[in-house]
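The values are calculated or read from the model by the stated rules, or taken from the named source; none is laboratory data. Computed from a predicted model, the values in this text were never measured in an experiment. Neighbour counts are summed over all protein chains in view; Cβ atoms, including those assigned to glycine, are modelled from backbone coordinates with ideal geometry.
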């Protein structure tokens, strides 16, 4: 009798065993190692770190292995681990100006201090499947020494600062004034609306790339247009500094790879304020240009109220964007539909049967009345 | 039931969450108890189960659990549905607490979508898993707006919604998550329990705690609190009446699940509350 709902414990255990076999795949093939994923799937690792909100290439690679390549599942694994970690202190603000750039491009100046540097990019590759990769073994051509970014660490200035010096773009509220307490931590405090830009950027930084990309794209197609130019995109390595309590000076804690995008957008101005460009900001772990650009466009769209723009489109509505961009939340709530809902469905069943019975009764009554007075006419 | 198949999780604190987090949640719960029905925002954490699968309830349970507690976990009223099994195993593994399926024995009962049929006692705590804590959410999607409506106790929109139900269908067409007013003040979503269970909330001797993990909200109904289901004078609230009796224990006054028995669509009914059903089943062996 209870077959339908019993046996949950055993079923779960068996499902896990089956999953482990599926993950491993054909045992005749060598097992993929975490180090291989870390080195050869680094873009996938970057996305998991970024949306998992934890910079650890090895753990992100482990999560990808455990999740059998499912990125959203890997992101969830990393988040669930991250949440248990103790926090010792907060780093000093990152100085992306000092980034050792591996790639740096600007779409608004042909040449500029620091130069354009293409770096490793898919951008100008023809998307033709390279069948030579089907056969393993060959290493790519060795790099000339000038192509190795580590040997050319000269920092280059932010393009937007060059504009800001001329007053052409608004200088953002001084970051120095903000203390650690002024900056909300969205992983510790619940989001409230209207939100601050600091909260928004944190949420966008771990937001789903696909969702943000679609939102960003919608602004380009007229749903909250903000006239963007890619002011600067830079990818490279930045040092992380800590100010520990017992020491008076910051100490280096390590380095991380980042992608930073600054958009130059629609200018604003009024009788009192001379016209100025506005900006949107995107930052992501590892090489993640698509994400950083999408984030910058959405950041700008969400600043609509700052510039008293009319809020008409989804990308401009913070409650819509911020509440729905997290894929761990979204995937969880969507997948919960797989859980049993017998009880709720039963209550709807009861109601709909009752309503149908009443409907049938009423219908029968009116049909009776109409057949008596107006015989049905059939026209060929 | 004991933890025969699970290992205790090494390297994690008692009941998974760290003590700082538990303290933060308990503070939120104290506020929730002090303002019955009011949604308290809290710094919800990621849990190792997906959002929507009971992370809010789990955080509440983890925050209030002590080693002496006896935990019962139900989903759809049953102790043996897969997610109830999974959550129970989680606390067996991370807190090594005793668990039970008997409503009367449990000190904490975590639930999804039901309140047990066996009346609760003073000292027991119910923990509800809540998907959408805001009763007005499907009428007003903006959090800023609903917060204002609660502040002003302006609940007219809900009455309009229920009125429209009556106009369209002749009945109030809300069968579960039926809105209630708590302590003559806040409108509250009782979580998606069938409205059959709504009367059990009123003046219940047990403490009722509600946790919404993804939405990061806590709320509570303290013991012996007035809880009124929203209705009209001429269309008073009615708990659902079901046809049929339980095929196992013969109960006619419990919430029943419908089972389809064969290809001809023959239907049968069994209690949704498996513990109640087993307790009331004939001892002569009609049990499965």
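Quick notes on this one:
- Evaluation of residue B:21 against (1) within 10 Å of another protein chain (Cβ to nearest Cβ); (2) in contact (Cβ under 8 Å) with a residue 60 or more places away in the chain; (3) in a helix (DSSP H, G or I); (4) farther than 24 Å from residue A:344 by Cβ (one fails), failing number: (2)
- The condition of being at pLDDT below 95 and at positive phi holds for only one of A:231, A:224, that being A:224.
- Any hit, the range A:187-197, residues being within 19 Å of the chain's Cα centre (by Cα), part of a helix (DSSP H, G or I) and either closer than 21 Å to residue A:268 by Cβ or at pLDDT below 95 (or both): yes
- Scanning the range B:227-267 for residues that are on the phi > 0 side of the Ramachandran plot and either modelled with pLDDT of 85 or more or surrounded by 11 or more Cβ atoms within 10 Å (Cβ to Cβ) (or both) returns B:244, B:250.
- Filtered by the rule that a residue be free of Cβ contacts under 8 Å to residues at least 12 places away in the same chain and more than 11 Å from every other protein chain (Cβ to nearest Cβ), the range B:254-272 gives B:262, B:263, B:264, B:265, B:266.
- Qualifying residue in the range A:244-252 (condition: touching a residue at least 40 places away in the same chain (Cβ under 8 Å), part of a loop (DSSP other than H, G, I, E, B), closer than 28 Å to residue A:304 by Cα and in contact with a strand residue (DSSP E or B) (Cβ under 9 Å, 6 or more places away or on another chain)): no
- Verdict on residue A:251 being more than 14 Å from chain B (Cβ to nearest Cβ), more than 21 Å from the chain's Cα centre (by Cα) and either modelled with pLDDT of 95 or more or within 30 Å of residue B:47 (Cβ to Cβ) (or both): no
- Odd one out for residue A:322, checked against (1) under 22 Å from residue B:147 (Cβ atoms); (2) not assigned by TED's automatic domain parsing to the domain that holds residue A:219: (2)
- The criterion of at least 2 residues that are surrounded by 13 or more Cβ atoms within 10 Å (Cβ to Cβ) and more than 35 Å from the chain's Cα centre (by Cα) is met, among helices (runs of 4 or more DSSP H) falling completely within the range A:263-380, by A:342-373.
- Any hit, the range A:38-50, residues being closer than 30 Å to residue A:332 by Cα, in a helix (DSSP H, G or I), free of Cβ contacts under 8 Å to residues at least 12 places away in the same chain and not assigned by TED's automatic domain parsing to the domain that holds residue A:260: yes
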